[in-house]
Amino acid sequence: MRTLLLFCLLSAGLACAQVPVTPNPDHDAMLRHADPKLAGNKRFVYDFWREVFEAAHMDLAPKYMAEGYVQHNPRVPTGRQAFIDFFSKIRKPSPVEARVKAPLVAMLADGDLVTMVFVREYPEPSDASKKYTTTWFDMFRIVDGKIAEHWDPAMKQ
């Protein structure tokens, strides 16, 4: 009976084993969409991510962000100028890469919304020497050709 119990417990653990999240290497395919407007929105957000967020060229923020930009991340203030001030303190400009550097899994566009999905790696809670992957998202609303709003799953720490 103990052997059966041990087998069931070990089998349950194997049945729950996670398949690691992996990035999609084909960024060009992720940027395509049958609707040219949605393809353009995806490209716009992708370029914002590369130029402003990753490369920290805050001087380019007005090209992409509405002045009244709404931020739903509880750790980043709302407003374009507040975004610029916040990230200028913690990042220094670097060369703009041709591709998004973060491990991008997917890009989705629907109406005025564009979502970027990324691989996120964390320490395994039961063994900090091990890692596991999950997903993270950043969703943007585009209004009048500018990013007007942003969501992500960030929490206060």
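The values are calculated or read from the model by the stated rules, or taken from the named source; none is laboratory data. Bear in mind that the values here come from a model prediction, so they are computed numbers and not experimental data. Cβ atoms come from the backbone with ideal geometry, glycine included; neighbour counts cover every protein chain shown. To get the accessible areas, we keep the full protein, side chains included, count just its heavy atoms, and leave off ligands, DNA and RNA. Shrake-Rupley method; radii C 1.70, N 1.55, O 1.52, S 1.80 Å.
Quote the charge dipole size of region 4-157 about the Cα centre in Debye, to the nearest 20; the model charges only the Cβ of Lys and Arg (+1) and of Asp and Glu (-1). Write out the running numbers ahead of the final one.
Details: 19 positive and 19 negative charges, 55 e Å.
In debye, rounded to 20, region 4-157 gives about 260.
With viscosity set to 0.890 mPa s and temperature to 25 °C, compute the Stokes-Einstein D of region 80-131, Rh being the Kirkwood radius across alpha carbon pairs; µm²/s, no decimals.
Estimated via Stokes-Einstein, D reaches 167 µm²/s.
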Surface per residue (accessible, 1.4 Å probe) for the chain, Å²:
62
Select from Ala29, Ala148, Val119 the residue farthest towards the positive end of the dipole of the chain; place +1 on Cβ of Lys and Arg, -1 on Cβ of Asp and Glu, and compute about the Cα centre.
Val119
Which far-off residues, 5 or more places away or on another chain, put their amide H under 5 Å from the one on Ala66, with H placed in the peptide plane?
Ile147, Ala148
Kirkwood radius from Cα pairs of region 29-85 plugged into Stokes-Einstein at 20 °C, 1.002 mPa s, gives D in µm²/s equal to 174
Nonlocal amide H pairs with Asn73, under 5 Å, H built at 1.01 Å:
Asp152
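Roll a 1.4 angstrom probe over the protein heavy atoms and tell me the percent of accessible area of region 18-107 that is carbon or sulfur. Spell out each step's value before the answer.
On the way: 2870 of 4900 Å².
The nonpolar share, carbon plus sulfur, comes to 59 percent.
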Whole-Å semi-axes of the ellipsoid equivalent to the chain (Cα gyration tensor, √5λ, descending)
36, 19, 15
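Arranged from highest to lowest average of other beta-carbon atoms within 10 Å per residue, in what order do the peptides 88-94, 20-26 appear?
On the way: 88-94: 10.6, 20-26: 12.6.
Ranking the peptides 88-94, 20-26 by packing returns 20-26, 88-94.
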Partners for Lys37 among aspartates and glutamates (Cα-Cα distance below 14 Å; same-chain residues under 8 apart left out)
Asp110, Asp112, Asp144
